[in-house]
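What follows is a single structure, written as structure tokens, with notes after it.
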Amino acid sequence: MRLVNFVKTNPIATSLLLVAVASGFFLLFPGVDIALSDLFYSQRRGFWLKRNDFLGLFRRSNDILNTIVVVVLLGSLAVKLARPDKPSPIRPSVVVYLISTALLGPVLIVNVILKAYWGRPRPVQIEMFGGDAPYVEVWRITDWCEQNCSFVAGEGAAAMWLVIVAMALPRPYRVPATLLTLVYVFLVSFNRIAFGGHFLSDVVIAFALTVLSAAVMHRIVIEQPPKWLTNEALEAGLTEFGRSLRGRRAGAGAR
């Protein structure tokens with residue numbers, strides 16, 4: 001019970017602890033990465049599952065779902081601007097929270113910073129699996145990979161963001177959607193491990209970093225927003241902006 005209360009009242013600290021525990025585990029037991037990836041590797045055929053057309057299509061579904069969610073979120077803002085006197089289909093604060101979480105976690109921390117500069121080679125690139133690079137521990141910066149490297153899993157982070165989206169749904173849909181999305185995230189992420197694209201540590205730490213990003217943005221946007229970032233202020237601002245756009249269109253039509 002104490003642990004549950006701690007998690008509820010200290011989501012940022014809990015998320016930081018998750019990152020630390022996951023990182024510490026894989027630093028202490030790097031063999032777990034190798035052992036799991038080895039399950040999908042064949043000396044003769046390499047990471048043979050990556051040639052499976054169905055699994056390749058399933059991998060692309062992650063990008064498609066993320067794109068659909070972003071379009072829906074931005075579409076809610078567009079609908080509000082088109083009908084400024086009616087409430088937003090999705091609360092503006094929720095839209096800001098989800099978009100900012102995606103930008104902070106999967107985009108900035110994962111893809112712009114870690115994958116671009118940490119230089120961890122992917123499983124398919126290391127000597128044990130037919131490449132010429134060594135296995136590199138988590139958080140160690142190297143020059144064995146120049147760009148779009150293994151640490152951490154970008155697709156894992158993007159998939160975990162879908163869980164954050166599911167948790168932001170209205171209460172009647174929240175639990176079943178979250179459970180279903182967690183199953184999907186598990187399958188997508190192990191798909192990448194089976195393809196030799198990521199180690200288990202890349203995936204797990206990507207999950208933890210995305211959860212941390214969500215906890216930080218939830219505190220800023222939902223729990224303790226500045227006055228200008230409250231849902232009421234955002235709704236009022238969109239209403240005013242939508243009315244001004246309508247006035248400009250009316251003025252342009254009159255000319």
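The values are calculated or read from the model by the stated rules, or taken from the named source; none is laboratory data. Only a predicted model underlies this, so the values are computations on that prediction, with no experimental measurement involved. Glycine gets a Cβ as well: all are built from the backbone with ideal geometry, and neighbour counts include every protein chain shown. With ligands, DNA and RNA removed, areas are computed over all heavy atoms of the protein, side chains included. Shrake-Rupley method; radii C 1.70, N 1.55, O 1.52, S 1.80 Å.
Could you check which residue among ASP53, ASP132, ASP63 shows the biggest mean-square fluctuation in a GNM of the chain with a 10 Å Cα cutoff?
Looking only at ASP53, ASP132, ASP63, the largest GNM fluctuation is found for ASP53.
Which peptide among 153-163, 88-98 comes first, and what is the full order, when sorted by highest mean count of other Cβ atoms within 10 Å?
Sorting 153-163, 88-98 by mean packing, highest first, produces 153-163, 88-98.
Per the Kirkwood definition applied to all pairs of different Cα atoms, how many angstroms is the hydrodynamic radius of region 74-210?
Mean inverse Cα-Cα distance, inverted, gives 16.4 Å.
By a straight-distance test (C-alpha under 22 Å), which lysines pair with LYS115 as possible cross-link partners, with residues fewer than eight away in the same chain excluded?
LYS50
Taking the alpha-carbon distance from LYS80 and a cut-off under 29 Å, which lysines remain once sequence neighbours fewer than 8 residues away in the same chain are dropped?
LYS227
Suppose we look only past 24 Å in the calculated P(r) of the chain. What percent of the Cα-Cα pairs does that tail hold?
Result: 54 percent of Cα pairs exceed 24 Å.
In deg cm²/dmol and to the nearest 500, what is the mean residue ellipticity at 222 nm of the chain if only DSSP H runs of at least 4 residues count, each as -39500 (n - 2.57), divided by the residue total?
So the helix-based figure for the chain works out to -20500 deg cm²/dmol.
When only C-alpha pairs under 8 Å and at least 6 residues apart count, what is the relative contact order of region 79-228, in percent?
The value is 28 percent.
Out of residues 5 or more away from ALA133 or on other chains, whose amide H comes under 5 Å of its own, with H placed 1.01 Å from N in the peptide plane?
ILE126, GLU127
Starting from the Cα-Cα distance between TRP139 and ASP85, subtract it from 0.36 nm times their residue separation and give me the gain in nm to one decimal.
14.4 nm
Can you send over the solvent-accessible area of LEU16, 1.4 Å probe, protein chains only, in Å² to the nearest 10?
Answer for LEU16: close to 100 Å² accessible.
Probe radius 1.4 Å, ligands and nucleic acids left out: which of TRP144, TRP118, TRP48 has the largest accessible area, and how do the rest follow?
Putting TRP144, TRP118, TRP48 in descending order of accessible area: TRP144, TRP48, TRP118.
Sorted from largest to smallest, which semi-axis lengths in Å does the alpha carbon gyration tensor of region 135-211 give for its equivalent ellipsoid, taking the root of 5 times each eigenvalue?
28, 12, 8
When you have a sec, figure out the Kirkwood radius of region 51-92 from all distinct Cα pair distances and drop it here in Å to one decimal?
12.1 Å
Roughly what would the spin-label model give for MET167 and LEU108, points 7 Å off Cα along C-beta, in nm?
1.9 nm
Which FRET efficiency value, to the nearest 0.05, is calculated for VAL71 and ARG174 with the Förster distance at 30 angstrom and r the Cβ-Cβ distance?
0.90
What number, in percent, do you get for the relative contact order of the chain if the mean sequence gap of Cα pairs under 8 Å and at least 6 apart is divided by its residue count?
29 percent
Run the reach check for LYS86 against aspartates and glutamates, Cα to Cα strictly under 20 Å, same-chain hits fewer than 8 apart removed. What comes back?
GLU232, GLU235, GLU240
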